[in-house]
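S.K.: Questions regarding the structure given below will be posed in turn.
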Amino acid sequence: MKLIVYYEGDESVKEWFASIVIKEIDGIVYKKMPTRNDTGVYADLPAHVSDILYLDKPDLIISMIHDGHEKPLLSIEFASCTPQYQHALQRFSRMLASVSAGCPSVLIMPFRKRSNDGKSIYTRSSAIEYGSVKLMDVYNTPCFILDWSHDENDFLLNEDGMQYPFLDTEDMINLGRLIEACIESRQDVDYCGSLSQKKVVHDLRDSNRVNAYRNGVPTIANPSGGEGKSQVKLDLKPTEDVFKEIESLSKFHQALCKSAPSYIKNREQSLIFYPTRVSAHAGDPYVGMIGYYDVAFTRYGQSVRDRYYNLVAYAKDVSIKEVTDVMSSFVDNKCPFANGLTPNNSKMYNYHLKNGCKETKTKPLRIYSELADIIIFKDGVLFNAG
């Protein structure tokens, strides 16, 4: 058997990953991930890799050649940032991208870290573990938060000469055991079902559940969990009231509401968050947090149709031009159909013929269009037609 590792970081990740694999294998092939998703290199990716990259890009996507076919094993995301609420949850979409595509996922993040200026110490928000537990429950696919170790002064510990986690720790040893279990379970047709029976998965699942509930369960009223009051505002309102509020904004809003799908109108309640940006400057909140709101508080099944509540982005001070201008620019400048077929664009021309611009539009628009049922702007409203 042979492993294939798609990577985004520097070349030292090869040595780091090779050091953590404990099962004997035939070899490891490393392939650099494309930096853009509108190129021929992206079009050449195996479907299971591009399916993950649709929502977001983990640092590593590992697959295995088995019976002559390449099959996904695991994705790994490295997060060396300070681990407070928003910083942690902006990485959540990378786990969601992987797990929703049927690939187990790991996020390596410090439990505690001192800020670069040395003045503050931040502890990881339990919301990220709560999100991973909910994600695992919804998709029946293992996903875990592992610790990036720190020294006694709360500065991160890295492998010598690398920007990757120190390997001689319990969590990194468990990561090696998890990769070994993934390789063994990939022989089974029911990969995730087989993997879920492994002892290392049971151990990591129990540990993540304990950490997820250590400060109290996150709720809509307090989505970050813990005793402190979250700065993020979420509201749960009757859907009927939401539509009344949209219609009150203008006659144009009122007319657009007539196009709302019945499944959105039929949900009795709607969960609302309040973006100050949608596509500009990576959005506010970070678009990765939208997936957390969805999975933690609205979802009971694997489809976005399987929701208790509508997921509503109420961007009341944002113009719909944040969406229309980005998409117009894409159509004018990046869509291969804007120009005739050439040898330089033939791969993306063929790719778009099959997939359209679904996977190649900008990440904020991919995530909003996939996850939000309603996006309310000051001068318009959009409904998810999925």
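S.K.: So, in the stretch 320-336, of the ones that are without any contact (Cβ under 8 Å) to a residue 60 or more places away in the chain and among the charged types (D, E, K, R), which residue ends up farthest from Ile374 (Cα to Cα)?
M.R.: Asp332
S.K.: Just to check your reading of the model, which residue among Phe243, Phe273 is aromatic (Phe, Trp, Tyr), free of Cβ contacts under 8 Å to residues at least 40 places away in the same chain and surrounded by 19 or more Cβ atoms within 10 Å (Cβ to Cβ)?
M.R.: Phe243 is the lone residue from the list that is aromatic (Phe, Trp, Tyr), free of Cβ contacts under 8 Å to residues at least 40 places away in the same chain and surrounded by 19 or more Cβ atoms within 10 Å (Cβ to Cβ).
S.K.: Condition first: in a loop (DSSP other than H, G, I, E, B), surrounded by 14 or more Cβ atoms within 10 Å (Cβ to Cβ) and free of Cβ contacts under 8 Å to residues at least 40 places away in the same chain. Now tell me which residues in the stretch 34-49 satisfy that.
M.R.: Pro34, Leu45, Pro46
S.K.: Suppose we filter the stretch 5-33 for residues that are touching a helix residue (DSSP H, G or I) at 6+ places or on another chain (Cβ under 7 Å), outside any helix (DSSP H, G or I) and at pLDDT 90 or above; how many remain?
M.R.: 6
S.K.: For the stretch 206-225, enumerate the residues that are buried (at least 17 other Cβ atoms within 10 Å of the Cβ) and out of contact with any strand residue (DSSP E or B) (no Cβ under 6 Å at 6 or more places or on another chain).
M.R.: Ser207, Asn211, Ala212, Asn215, Pro218, Asn222, Pro223, Ser224, Gly225
S.K.: Out of the stretch 50-77, which residues are among the acidic types (Asp, Glu) and either without any contact (Cβ under 8 Å) to a residue 60 or more places away in the chain or touching a strand residue (DSSP E or B) at 6+ places or on another chain (Cβ under 6 Å) (or both)?
M.R.: Hits for the stretch 50-77 are Asp51, Asp59, Asp67, Glu70, Glu77.
S.K.: A further question follows. Of (1) part of a loop (DSSP other than H, G, I, E, B); (2) β-branched (Val, Ile, Thr); (3) in the same structural domain as Asp147 (by TED's automatic domain parsing), Ile220 satisfies all except one. Which?
M.R.: The single condition Ile220 does not satisfy is (3).
S.K.: Could you tell me which of the residues Thr123, Thr141 is among the β-branched types (Val, Ile, Thr) and farther than 28 Å from Ser369 by Cβ?
M.R.: It is Thr123.
S.K.: Within the bounds of the stretch 276-287, is there any residue that is farther than 22 Å from Tyr54 by Cα, free of Cβ contacts under 8 Å to residues at least 40 places away in the same chain, outside the structural domain of Asn37 (by TED's automatic domain parsing) and assigned to a helix (DSSP H, G or I)? If you could, list the steps in order and put the result at the bottom.
M.R.: Quick first cut of the stretch 276-287, residues farther than 22 Å from Tyr54 by Cα only: 276.
Subset that is free of Cβ contacts under 8 Å to residues at least 40 places away in the same chain: none.
No, every residue in the stretch 276-287 fails to be farther than 22 Å from Tyr54 by Cα, free of Cβ contacts under 8 Å to residues at least 40 places away in the same chain, outside the structural domain of Asn37 (by TED's automatic domain parsing) and assigned to a helix (DSSP H, G or I).
S.K.: Another question about this same structure. Could you run through the stretch 32-44 and say how many residues are over 13 Å from Leu60 (Cα atoms) and in contact with a strand residue (DSSP E or B) (Cβ under 8 Å, 6 or more places away or on another chain)?
M.R.: Qualifying residue count for the region: 0.
S.K.: Another one. Which one is farthest from Thr123 (Cα to Cα), of the residues in the stretch 80-94 that are assigned to a loop (DSSP other than H, G, I, E, B) and at pLDDT 90 or above?
M.R.: Across the stretch 80-94, the extreme among qualifying residues is Arg91.
S.K.: Any idea which of Ile28, Ile52, Ile22, Ile4 is closer than 18 Å to Leu178 by Cα, crowded, with 17+ Cβ neighbours inside 10 Å and of a type outside the set (Ser, Thr, Tyr)? Show your work before the answer.
M.R.: On the way: Ile28 fails: crowded, with 17+ Cβ neighbours inside 10 Å; Ile52 fails: closer than 18 Å to Leu178 by Cα; Ile22 fails: crowded, with 17+ Cβ neighbours inside 10 Å.
Going through Ile28, Ile52, Ile22, Ile4 in turn, the sole match is Ile4.
S.K.: Out of all the residues in the stretch 362-386, which are under 20 Å from the mean Cα position of the chain (by Cα) and surrounded by fewer than 21 Cβ atoms within 10 Å (Cβ to Cβ)?
M.R.: Hits for the stretch 362-386 are Thr362, Lys363, Leu365, Ser369, Glu370, Asn384, Gly386.
S.K.: Which of (1) surrounded by fewer than 22 Cβ atoms within 10 Å (Cβ to Cβ); (2) of a type in the set (Gly, Ala, Ser); (3) at pLDDT 80 or above does Ala338 not meet, given it meets every other one?
M.R.: Checking Ala338 against (1) surrounded by fewer than 22 Cβ atoms within 10 Å (Cβ to Cβ); (2) of a type in the set (Gly, Ala, Ser); (3) at pLDDT 80 or above, the one that fails is (3).
S.K.: Working only within the stretch 134-164, note down all residues that are part of a helix (DSSP H, G or I) and under 18 Å from Arg124 (Cβ atoms).
M.R.: Lys134, Leu135, Met136
S.K.: Out of all the residues in the stretch 240-285, which are of a type in the set (S, T, N, Q) and within 27 Å of the chain's Cα centre (by Cα)? Quick ask: steps written out before the conclusion?
M.R.: Step one: of the stretch 240-285, the residues of a type in the set (S, T, N, Q) are 248, 250, 254, 259, 262, 266, 269-270, 276, 279.
Passing the criteria: Gln269, Ser270, Thr276, Ser279.
S.K.: Of the residues that sit in the stretch 185-204 and are buried (at least 18 other Cβ atoms within 10 Å of the Cβ) and basic (Lys, Arg), which one is nearest to the chain's Cα centre (by Cα)?
M.R.: Arg186
The values are calculated or read from the model by the stated rules, or taken from the named source; none is laboratory data. The structure presented is a predicted model; accordingly, all values stated were derived computationally and were not measured. In this analysis, Cβ positions are derived from the backbone assuming ideal geometry, glycine residues included, and neighbour counts consider all displayed protein chains.
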